[in-house]
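This report concerns only the one structure given below.
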Amino acid sequence: MANDATALRAHLFDALNGLKNKTIDIEQAKAMCLVSKQVIDLAKVEVAYAKETGAVVPSEFINASGAAQPPGVTQHKLR
């Protein structure tokens, strides 16, 4: 399982579909959202730290590997 923004997004949409299909209950979905919020808040702290210090912060969540982007997409790298 990847631990990045793309994987988190996929899990959240799976939860949304699970609610629609009644394969997960509302409490499970709420728990997933709470955990997701904590992961996102941690990524925000990484970004804020990088901005304040100018340090390069390696992040498994924010994938800045330099892979080719789809047309029309701009990738910003933290320095």
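The values are calculated or read from the model by the stated rules, or taken from the named source; none is laboratory data. Remember, predicted model here, so these are calculated numbers, not experimental data. As a convention, Cβ positions derive from the backbone with ideal geometry for all residues, glycine included, and neighbour counts pool all protein chains shown.
So if I check each of Ile24, Ile40, which one is in contact with a helix residue (DSSP H, G or I) (Cβ under 9 Å, 6 or more places away or on another chain), among the aliphatic types (A, V, I, L, M) and outside any helix (DSSP H, G or I)? Please lay out each step first, then the result.
Values: Ile40 fails: outside any helix (DSSP H, G or I).
Within the list Ile24, Ile40, the selection yields Ile24.
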Residue pairs meeting the criteria (Cβ under 9 Å; at least 6 apart or on separate chains; first over 21 Å from Ala43 (Cβ atoms), in segment 6-24; second among the charged types (D, E, K, R) and assigned to a loop (DSSP other than H, G, I, E, B)): Gly18/Asp25; Leu19/Asp25
Considering residues of segment 1-16 that are loosely packed, with under 13 Cβ neighbours inside 10 Å and part of a loop (DSSP other than H, G, I, E, B) only, the residue modelled with the highest pLDDT: Asn3
